[in-house]
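**Student:** Let me give you the structure first, and then I'll get to my questions.
The values are calculated or read from the model by the stated rules, or taken from the named source; none is laboratory data. Just so it is clear, the structure is predicted and the values come from calculations on it, not from any experiment. Note that each Cβ is placed from the backbone with ideal geometry, even for glycine, and that neighbours are counted across all protein chains shown. Keep in mind that these areas ignore ligands, DNA and RNA; they rest on the heavy atoms of the full protein, side chains included. Shrake-Rupley method; radii C 1.70, N 1.55, O 1.52, S 1.80 Å.
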Amino acid sequence: MTRALKTLSATATATAARNMRGFRAQPGALALQRQILVQSALAAKKDQKMTRAFSGGTAEKGSEEAAAGPLDFHDTKIAFNSKTTFELFRGWVVFQVCGIGPLVRHCDQLYSMSVKVLGSTITHFFMRHGLFNHFCAGENAKEIIPKMEHLRKYGVGGILDYAAEAKDEEPKAKKPVNEEEVIGAPLSAKTYEYAGESLCDANAEIFMDAIRAVKDATPDGFAAIKLSGLGDPQLLERMSTCLVEMAKLFHRVSNDPSTNYDVSKVPFYNMDRTFHVDWETFKNNWPRLFAVQDEESLKKQFEDIDRDRDGSINYLEWSESIRLSHINEMARSCINPGPLYHSALNEEEQRLYFNLCNRMERIMDLAEKEGVRVMVDAEWTAIQPAIDHLVLFLQRKYNRGETPIVFQTYQTYLKGMHDKVVRDLARSKKEGWSFGAKVVRGAYMVSEREKAAKKGVESPICDTYEETEENYHKTIDSILSHNVGATGNAVGKDTQGEILVASHNRDTMEFVTRRCTELSKDKSKGIYFGQLMGMADHLTFTLAMNGYKAYKYVPYGPIDEVVPYLIRRTQENSAILGSPGVQEEKAMVGQELRRRLSPF
C-alpha cells in the first residue's frame with residue numbers, strides 16, 4: 001500500500017508537470033508553474049489518508065466512518081481529491097468563461113467562424129485542451145477506459161454516454177408519392193429521402209461498444225443511448241404525432257360529443273387520463289368516428305381492449321392496445337378523416353420503424369447478455385412520446401428479472417410528468433416487470449417554450465422553478481416509496497423500483513438521502529446518483545465517500561460531432577451560473593486551489 005501511495009504521488013506530480021508545460025511561454029507563468037508543481041506533491045501527501053478511504057473501487061471504508069446525520073457536501077478535500085491542481089484550475093477557467101454572456105450566447109457562431117478562419121485542426125486543438133477534456137473523456141470507447149478506472153479508485157461508477165447529438169429541427173417535407181400506393185392518408189403520403197440507415201447501424205455498433213466498455217471497465221456502471229441516433233428524428237416525430245392523436249381519441253371516445261371537450265391545446269403529459277370508458281359509452285361514441293361492421297364485432301373490439309374484464313377501459317388498457325403497425329387499418333375506417341387519419345404511418349415509415357426496433361433489440365440483447373444496465377435518454381417533446389412507447393416495449397421484454405436492464409428517463413420540468421411516473425409504476429406492478437428510471441429536471445426548457453409560443457399552445461414546461469422542484473421531488477418520492485415493505489419476491493408486484501437521481505442540486509441530494517433513511521432503504525442497492533463529468537464533484541465524491549452509489553456521466557465521441565453537446569453544456573452553465581448551487585461549487589473550487597497553493 002505504501003508503495004502504491006508513493007507511486008500515486010509521483011504520478012500526480014508528473015501529470016501536473018506535463019499539464020503545466022503549456023504555460024511556460026506566458027510571462028510570469030514559470031513561478032506559478034513551480035508553485036503548482038510543489039503544491040501538487042504536498043497535496044498528494046496531505047490527501048494520502050483520504051485516498052486510502054476511497055481506494056479499492058468502493059466507498060465501504062468511508063461509509064463505515066460516515067456520521068449518521070446529514071452529509072457534509074462542503075469538504076473540498078473529499079470533493080476534489082481526484083483532481084490534479086491543473087484540472088482544478090481548468091475548471092475554474094471554465095466557470096469564468098461561462099460568465100461571459102456574449103461569448104456564451106454566440107459560441108456556436110464563434111465556433112463556425114473559427115473553423116472557417118483557423119481550420120478544424122487548430123480549432124479542435126484548443127477545444128480539446130479546454131472544454132472537451134473538462135466535460136468529455138475521449139473520442140471512442142477505448143480512450144475512455146482509463147478515465148473510468150480512475151473514477152473507480154474513488155468509489156465512483158461510470159455512465160458511458162455517446163454525446164454526438166441529433167439536431168433538434170423541424171422535419172422537412174419530401175416529395176409526395178401516389179396516394180393510391182400507400183396505406184396511410186394524404187399527409188403521410190410522402191417518402192423520406194433518407195440516406196441515414198447505414199449511419200444508424202453504425203451508431204448502434206457504437207452503443208454496443210459502450211456496453212462492452214462498461215462490462216470491461218466498470219461492471220456496476222451504465223450505458224446511455226439516444227434513440228434519435230438509431231432512427232430518423234423525423235420518423236420519431238411522425239410516430240409521436242400518431243401516439244398523441246391516439247391519446248386524444250381516448251378522450252373523444254370517453255366523452256359525450258355535446259360537451260365539446262377539446263384537448264388539442266393541452267400538453268400531452270398533462271392530459272387527464274383518470275376516467276374510464278364503459279361498454280355503453282364505447283358503443284355510442286365509437287360508431288360516430290369509425291365504420292363498424294356490426295355490434296358483435298364492436299363488442300369483441302371492446303373486450304380485446306378491456307384486459308381485466310371489469311366492463312370498462314382505463315387509460316393503461318387503452319395504451320397497451322396501441323400498435324403503431326395496426327393504426328393504419330383503423331385509420332382507413334375513419335368516417336370523417338381527421339388528425340389520426342393523417343398521422344398514420346405509411347408502409348415506408350413502418351419499414352423504418354421496424355429497422356429502429358431491430359437496432360434497439362440488438363443493443364438490449366447484448367446488454368442483457370453482459371448484465372449491463374442501459375439508460376435511454378429523454379429528448380425534445382416532439383419526439384418524446386415515440387421514445388416513451390419504444391422504451392416501454394423494451395422494459396416489458398428485458399426487465400423481467402429482479403434487476404431492470406432498461407431505464408426510462410423522466411423530465412420533470414414537463415407538466416404532468418409525476419402522473420406519468422405513477423401510471424408506469426402501476427403498469428410495471430400489473431404486468432410483472434422491474435421498474436427502472438432516471439429522473440432529471442430537463443434540458444430543453446428554452447426551445448420548448450419558444451415552440452409552444454409559436455404554435456399558440458400552452459407550454460409543456462412548468463411555469464416556475466418551484467413547480468419543477470415540487471414535480472421533481474414528488475416523482476422521486478413515488479419511486480422510492482414503490483413497494484416499500486413488500487415481502488414477496490414476485491417481479492414487478494413485490495420488487496422495489498430502481499432510480500438514478502440525476503441532479504446537481506445539493507438540496508435534492510439531502511432530500512433523497514433523508515427519504516432513504518426515513519423509508520429504511522438500503523442505500524447501496526437500487527438508488528443511484530449521477531452528475532455530469534466536470535460538474536458537481538462536491539456532490540458525487542461526497543456521496544461515494546459515504547457509501548452511496550454515485551456515478552459520473554462520462555460523455556465521449558468524435559470532437560467535431562460532440563460540439564453541439566459542448567455548446568449546450570456551456571450555455572446551461574451560463575444560464576445557471578447565478579444559482580446558489582453553482583456559486584457554491586465555484587467558491588469551493590477557488591477554496592481548494594488556495595488550499596493547495598498555500599505553503600501553510
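**Student:** Name the residues in the range 394-417 that are of a type in the set (A, V, I, L, M, F, W, C) and either touching a residue at least 60 places away in the same chain (Cβ under 8 Å) or more than 25 Å from A213 (Cα to Cα) (or both), would you?
**Tutor:** The answer is F407, L414, M417.
**Student:** State yes or no: is E349 part of a helix (DSSP H, G or I), of a type in the set (D, E), modelled with pLDDT under 95 and under 28 Å from A202 (Cβ atoms)?
**Tutor:** Taking the combined requirement at face value, the residue satisfies it.
**Student:** Is it fair to say P385 is crowded, with 21+ Cβ neighbours inside 10 Å and either within 30 Å of S198 (Cα to Cα) or modelled with pLDDT under 90 (or both)?
**Tutor:** Working: crowded, with 21+ Cβ neighbours inside 10 Å: yes; either within 30 Å of S198 (Cα to Cα) or modelled with pLDDT under 90 (or both): yes.
So P385 passes the test.
**Student:** So, in the range 332-371, of the ones that are out of contact with any Cys (no Cβ under 9 Å at 6 or more places or on another chain) and among the small types (G, A, S), which residue ends up farthest from K420 (Cα to Cα)?
**Tutor:** S333
**Student:** Just give me the residues in the range 282-306 being among the polar types (S, T, N, Q) and within 42 Å of the chain's Cα centre (by Cα), in sequence order.
**Tutor:** Answer for the range 282-306, where residues must be among the polar types (S, T, N, Q) and within 42 Å of the chain's Cα centre (by Cα): N285, Q301.
**Student:** Right, another one. Any idea which of (1) open to solvent by 10 Å² or more (accessible area, probe 1.4 Å); (2) of a type outside the set (D, E, K, R); (3) modelled with pLDDT of 80 or more is the one P599 doesn't satisfy?
**Tutor:** So P599 meets the others, but not (3).
**Student:** Inside the range 407-432, can you point out the residues that are part of a strand (DSSP E or B) and among the aliphatic types (A, V, I, L, M)?
**Tutor:** Narrowing the range 407-432 to residues part of a strand (DSSP E or B): 407-411, 414.
The answer is L414, and nothing else.
**Student:** Taking helices (runs of 4 or more DSSP H) that do not extend beyond the range 80-152, which have at least 1 residues that are modelled with pLDDT of 90 or more and among the basic types (K, R)?
**Tutor:** Result: 85-98, 107-118, 141-152.
**Student:** Let me ask something additional. List every residue pair whose Cβ atoms lie under 6 Å apart, where the two residues are 6 or more positions apart in sequence or sit on different chains, the first residue falls within the range 262-287 and is basic (K, R), and the second residue, located anywhere, is surrounded by 18 or more Cβ atoms within 10 Å (Cβ to Cβ).
**Tutor:** Taking only residues 6 or more apart or on different chains, the pairs are R273/Y315.
**Student:** Among what's in the range 509-542 and is charged (D, E, K, R), surrounded by fewer than 15 Cβ atoms within 10 Å (Cβ to Cβ) and not in a helix (DSSP H, G or I), pick the residue that is modelled with the lowest pLDDT.
**Tutor:** Going through the qualifying residues, I end up with K525.
**Student:** Do we have Y472 as of a type in the set (S, T, Y) and open to solvent by 10 Å² or more (accessible area, probe 1.4 Å) here?
**Tutor:** Considered against the rule, which asks whether it is of a type in the set (S, T, Y) and open to solvent by 10 Å² or more (accessible area, probe 1.4 Å), Y472 comes out as no.
**Student:** Take the residues in the range 122-148 that are over 16 Å from G557 (Cα atoms) and surrounded by fewer than 19 Cβ atoms within 10 Å (Cβ to Cβ); name whichever of them is farthest from the chain's Cα centre (by Cα).
**Tutor:** I122
**Student:** Which is among the hydrophobic types (A, V, I, L, M, F, W, C), at pLDDT below 90 and either more than 30 Å from K215 (Cα to Cα) or open to solvent by 40 Å² or more (accessible area, probe 1.4 Å) (or both), of I305, I322?
**Tutor:** I322
**Student:** Taking only pairs six or more apart or across chains, which ones have beta-carbon atoms under 6 Å, a first residue in the range 576-600 that is of a type outside the set (A, V, I, L, M), and a second residue that is modelled with pLDDT under 90 and part of a helix (DSSP H, G or I)?
**Tutor:** Here the result reads K586/F95; R596/Q39; R596/A43, each pair linking the range 576-600 to a residue that is modelled with pLDDT under 90 and part of a helix (DSSP H, G or I).
**Student:** Here are some residues: I363, I387. Which one is in a helix (DSSP H, G or I), closer than 30 Å to C462 by Cα and β-branched (V, I, T)?
**Tutor:** Of the residues listed, the single one that is in a helix (DSSP H, G or I), closer than 30 Å to C462 by Cα and β-branched (V, I, T) is I387.
**Student:** Same structure again: Do the conditions hold for G497, that is, is it in contact (Cβ under 8 Å) with a residue 60 or more places away in the chain and touching a His at 6+ places or on another chain (Cβ under 7 Å)?
**Tutor:** Values: in contact (Cβ under 8 Å) with a residue 60 or more places away in the chain: yes; touching a His at 6+ places or on another chain (Cβ under 7 Å): yes.
Considered against the rule, which asks whether it is in contact (Cβ under 8 Å) with a residue 60 or more places away in the chain and touching a His at 6+ places or on another chain (Cβ under 7 Å), G497 comes out as yes.
**Student:** Restricting to the range 361-382, and then to whatever is farther than 22 Å from Y444 by Cβ and touching a residue at least 60 places away in the same chain (Cβ under 8 Å), can you tell me which residue is surrounded by the fewest Cβ atoms within 10 Å (Cβ to Cβ)? Walk me through it before giving the result.
**Tutor:** Taking the range 361-382 first, the residues farther than 22 Å from Y444 by Cβ are 361-373.
Next cut, touching a residue at least 60 places away in the same chain (Cβ under 8 Å) only: 362-363, 366-367, 370-373.
Values: R362: 16, I363: 24, L366: 19, A367: 26, E370: 16, G371: 14, V372: 23, R373: 23.
The selected residue is G371.
**Student:** Pick from V421, V440: which is in contact with a strand residue (DSSP E or B) (Cβ under 7 Å, 6 or more places away or on another chain), open to solvent by 10 Å² or more (accessible area, probe 1.4 Å) and of a type in the set (V, I, T)?
**Tutor:** Details: V421 fails: open to solvent by 10 Å² or more (accessible area, probe 1.4 Å).
Exactly one of V421, V440 is in contact with a strand residue (DSSP E or B) (Cβ under 7 Å, 6 or more places away or on another chain), open to solvent by 10 Å² or more (accessible area, probe 1.4 Å) and of a type in the set (V, I, T), namely V440.
**Student:** Being part of a helix (DSSP H, G or I) and either in contact with a Leu (Cβ under 8 Å, 6 or more places away or on another chain) or basic (K, R) (or both) is the filter here; which residues of the range 283-300 pass it?
**Tutor:** Narrowing the range 283-300 to residues part of a helix (DSSP H, G or I): 283-289, 295-300.
Those that are part of a helix (DSSP H, G or I) and either in contact with a Leu (Cβ under 8 Å, 6 or more places away or on another chain) or basic (K, R) (or both): K283, W286, P287, R288, L289, K299, K300.
**Student:** Can you name every residue in the range 338-384 that is more than 29 Å from A502 (Cβ to Cβ) and in contact with a strand residue (DSSP E or B) (Cβ under 6 Å, 6 or more places away or on another chain)?
**Tutor:** Of everything in the range 338-384, just one residue is more than 29 Å from A502 (Cβ to Cβ) and in contact with a strand residue (DSSP E or B) (Cβ under 6 Å, 6 or more places away or on another chain), namely Y341.
**Student:** While we're here: Exactly one of these conditions fails for G488: (1) free of Cβ contacts under 8 Å to residues at least 24 places away in the same chain; (2) in a strand (DSSP E or B). Give me its number.
**Tutor:** With (1) free of Cβ contacts under 8 Å to residues at least 24 places away in the same chain; (2) in a strand (DSSP E or B) applied to G488, the lone miss is (2).
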